[in-house]
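Here the structure comes first, spelled out in structure tokens, and everything after it is commentary.
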Amino acid sequence: MKLLTTVNDLQFEIQQLGAESQVGFVPTMGALHAGHISLVKQAVKENRIVVVSIFVNPTQFNDAKDLERYPRTLENDMHLLEPTGCAIVFAPNAKEVYPEPDKRKFNFGKLEEVMEGKHRPGHFNGVAQVVSRLFDMVKPAKAYFGLKDFQQLAIVKNMVKQLQLPVEIVPCAIIREKSGLAMSSRNELLTEEQRKNAAVISETLFKAKELKAQNSVQEIVDWVTETINKNPFLDVEYFEIVDDEQLQPVKNWEKDSTKVGCVAVFCGEIRLIDNIVF
């Protein structure tokens, strides 16, 4: 496994390995956990070589404090990746990714007007900027994304379609801690007490799925919001039940599309997201 920091070195190494058309790619912002590692392991099974990028992308943070607070743990990340079979860790600096400011503006229509897009203006434009740049650098056949970031996955798929990129986007299951809390790099910023209480988020989502049959969409939305907010450590930013393609809020349980409940919750200053398929 090699650690590379420049595009030239990255592309030379891929060429040396003779795997230009058989590259699996896992883009990350580091602070890796078992969720990331599950993506890498799946990529290793399905591709000749795997590249993992570690880059905290400044253009997708609409909150400077959040960017500053985001954990950076390259040494530990390398330690976690070593046994996975990953061939290359690509950890560029911002100048390498953005030699010139990226002024591109993507239009994702309704996809970016709800949930994360509504509450984090500019976030998905930054995601599209960095992912498209990384795809251009790595040139993967397949790229792996976790379903925890459900809306991000839809945005990336849409971007690939818009730019007509020859890469298959592979969604991967949410990996959870023993408590049920969805694994996230941000979990490392929680105190022990906060982490314990944050498990209420997933507990509530699982229970909501059980209650679906006896309740309307609006009743479930209200119940989830009220239940999580009862915990003094938690504050719901949004909970929406949406269709799985356009991510628009639904009003009933008609079976014309899969319904997904997506939530963002503040635990102290740390913002956590999760979702469940109904």
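Brief remarks follow.
- FRET efficiency for K212 and Q164, using Cβ-Cβ distance with R0 set to 41 Å, rounded to 0.05: 0.60
- When the Gaussian network model of the chain links Cα atoms closer than 10 Å, the mean-square fluctuations of F55, F90, F106 top out at F106.
- Loop-located GluC sites (Glu not before Pro) in the range 64-158 (DSSP state other than H, G, I, E, B) with a sparse environment of at most 14 neighbouring Cβ atoms within 10 Å: E113.
- In loop segments of the range 171-270 as defined by DSSP, the GluC sites (Glu not before Pro) with at most 15 further C-beta atoms inside 10 Å of their C-beta are E245, E254, E269.
- If the convex hull is drawn through the Cα atoms of the range 142-211, its volume per residue in Å³: 104
- Model label zone, E269; criterion: amide N under 14 Å from point 7 Å along Cα-to-beta-carbon; scope the range 62-98: 63-71
- Sequence-distant lysines (8 or more away, or on other chains) whose Cα lies within less than 18 Å of K178: K148, K196, K207
- DSSP beta bridge pairing in the chain, given as percent antiparallel to the nearest 5: 50
- log10 of Debye I(q)/I(0), alpha-carbon scatterers only, for the chain at 0.08, 0.09, 0.16 Å⁻¹: -0.34, -0.43, -1.33
- Rounded to the nearest 20, the size of the Cβ-charge dipole of the range 115-274 about its Cα centre is 440 debye, with Lys and Arg at +1 and Asp and Glu at -1.
- Once the convex hull of all Cα atoms in the range 60-206 is built, its volume per residue stands at 151 Å³.
- Taking 28 Å as the straight-line reach from the Cα of K95, the lysines in range (excluding those fewer than 8 positions away in the same chain) are K2, K65, K103, K105, K139, K142, K157, K161.
- Charge tally around T227: other residues with Cβ under 11 Å, Lys/Arg +1 each, Asp/Glu -1 each, net -1.
- FRET efficiency estimate (nearest 0.05) - Cβ-Cβ, K157 to Q16, R0 35 angstrom: 0.65
- Among P71, P166, P92, residue whose mean-square fluctuation peaks in a GNM of the chain (springs only between Cα atoms under 10 Å): P166
- Volume per residue that the Cα convex hull of the range 202-274 spans, once the total is divided by residue count, Å³: 81
- Label-to-label distance, Q248 versus N8, with points set 7 angstrom from Cα along the beta-carbon direction: 5.0 nm.
- Label point distance in nm, A173-D102, each placed 7 Å from Cα along Cα→Cβ: 3.1
- Carbon plus sulfur fraction of accessible area for the chain, probe 1.4 Å, in percent: 50
- Per residue value of the accessible surface for the chain (all protein chains in place, 1.4 Å probe), Å²: 49
- Euclidean distance between Cα centres, the range 191-254 to the range 63-78, Å: 28
- Diffusion coefficient of the range 22-118 by Stokes-Einstein, Kirkwood radius over Cα pairs, 10 °C, 1.306 mPa s: 104 µm²/s.
- Nearest-20 debye value, the range 189-261 charge dipole, Cβ charges on Lys, Arg, Asp, Glu: 240
- Annotation for the range 35-80: trypsin sites (Lys or Arg not before Pro) lying in DSSP loop with at most 14 further Cβ atoms inside 10 Å of their Cβ are R72.
- Most mobile of D243, D256, D149 in a GNM of the chain (Cα contacts under 10 Å): D256
The values are calculated or read from the model by the stated rules, or taken from the named source; none is laboratory data. What you see is a predicted model; the values in this text were computed from it and never measured. Don't worry about glycine lacking a Cβ; one is built from the backbone with ideal geometry, like all the others, and counts go over all protein chains shown. Note: accessible area is taken over every heavy atom of the protein model, side chains too, but ligands, DNA and RNA are not part of it. Shrake-Rupley method; radii C 1.70, N 1.55, O 1.52, S 1.80 Å.
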